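Trainee: Let me begin by handing over the structure; questions about it come next.
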Amino acid sequence: MNNANTGGKQTSWGWIIFWFILFWPVGLVLLIKRQKSDKSAVLKDYKGVTIASYVLMGLGAIYFLMGISGQPDALLAFLVCGGGGVVTFLYARKSQKRSEHYRKYINMVVNQNQTSIDSISAAIGIPYNDVLNDLQNLVTDGYLPGAYIDISQRKIILGDMTQQYGAQFVAPTSSIQVQTTAVKCPGCSANNKVTIGQTAVCEYCKTFLQ
């Protein structure tokens, strides 16, 4: 997935998964670095990383059988591969769960205009305080530009041009008619208004829109 959130070159997902299998600590470090610098990375499904964890656990099982068959060196490989598989699996599950929650939040807030945190909590089936913390993280990390949490109203308030620049803001006008269309982001599922014929990135996660 292409990304416009950072000027630096991102480590590809293929390399990350390769390093998870070859030497999982390196893969974990590369994944964490990508998650910190690439908004769309946080919204991935992590199936590749989960598969890598299965491979590691499978190798661990093989080494375990070799170890109990009289090859003591294989027991160390069992601990490295098996332990790495478990760590990788748990991290992938945690990241995937966060990704699923974030995509649901963005869909409800951006596409369905649902601002009540209580309603979001009830619809998704997650406790209010957890939803509140997740939404605050989305705002802090820049997935919902201009938004803020109103604790007194128990709502998330989406920003707009007037809120950001004040009541005196007047949108520029042009005599040239610009055709726009709605495009659903493949990364976070938010609907974006884009100009036909122009390259665009998602307003929320900075994924390139096709």
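Trainee: Taking residue 52 as the residue in question, decide whether it is surrounded by 17 or more Cβ atoms within 10 Å (Cβ to Cβ) and in contact with a helix residue (DSSP H, G or I) (Cβ under 8 Å, 6 or more places away or on another chain).
Mentor: So residue 52 passes the test.
Trainee: Of all residues in region 179-201, count the ones that are free of Cβ contacts under 8 Å to residues at least 60 places away in the same chain, touching a strand residue (DSSP E or B) at 6+ places or on another chain (Cβ under 9 Å) and in a loop (DSSP other than H, G, I, E, B).
Mentor: Selection size over region 179-201: 4.
Trainee: Determine whether region 91-109 contains at least one residue that is outside the structural domain of residue 189 (by TED's automatic domain parsing), in a helix (DSSP H, G or I) and touching a Gly at 6+ places or on another chain (Cβ under 7 Å).
Mentor: Looking through region 91-109, none of the residues is outside the structural domain of residue 189 (by TED's automatic domain parsing), in a helix (DSSP H, G or I) and touching a Gly at 6+ places or on another chain (Cβ under 7 Å).
Trainee: Oh, and also: Working carefully through the options 102, 148, find the one that is in contact (Cβ under 8 Å) with a residue 40 or more places away in the chain and either farther than 29 Å from residue 192 by Cα or not hydrophobic (A, V, I, L, M, F, W, C) (or both).
Mentor: Sole residue among the options that is in contact (Cβ under 8 Å) with a residue 40 or more places away in the chain and either farther than 29 Å from residue 192 by Cα or not hydrophobic (A, V, I, L, M, F, W, C) (or both): 102.
Trainee: Just to be sure before I move on: is residue 95 of a type in the set (Ser, Thr, Tyr), in contact with a strand residue (DSSP E or B) (Cβ under 8 Å, 6 or more places away or on another chain) and buried (at least 18 other Cβ atoms within 10 Å of the Cβ) in the structure I sent?
Mentor: no
Trainee: Among the numbered conditions (1) over 22 Å from residue 28 (Cα atoms); (2) surrounded by 13 or more Cβ atoms within 10 Å (Cβ to Cβ); (3) out of contact with any His (no Cβ under 9 Å at 6 or more places or on another chain), tell me where residue 134 comes up short.
Mentor: (3)
Trainee: Out of (1) at pLDDT below 90; (2) farther than 16 Å from residue 102 by Cα; (3) small (Gly, Ala, Ser), what's the single condition that is false for residue 152?
Mentor: (1)
Trainee: All but one of (1) crowded, with 18+ Cβ neighbours inside 10 Å; (2) out of contact with any His (no Cβ under 9 Å at 6 or more places or on another chain) hold for residue 118, so report the exception by its number.
Mentor: So the condition that residue 118 fails would be (1).
Trainee: Does region 33-43 contain at least one residue that is within 12 Å of residue 16 (Cα to Cα) and of a type in the set (Val, Ile, Thr)?
Mentor: Checked against the condition, which is being within 12 Å of residue 16 (Cα to Cα) and of a type in the set (Val, Ile, Thr), region 33-43 yields no hits at all.
Trainee: Pull up region 11-48, narrow it to residues that are assigned to a helix (DSSP H, G or I) and among the aromatic types (Phe, Trp, Tyr), then point me to the one that is surrounded by the most Cβ atoms within 10 Å (Cβ to Cβ).
Mentor: Filtering first and then ranking leaves 20.
The values are calculated or read from the model by the stated rules, or taken from the named source; none is laboratory data. Bear in mind that the values here come from a model prediction, so they are computed numbers and not experimental data. Backbone-built Cβ (ideal geometry, glycine too); neighbour counts: all protein chains shown.
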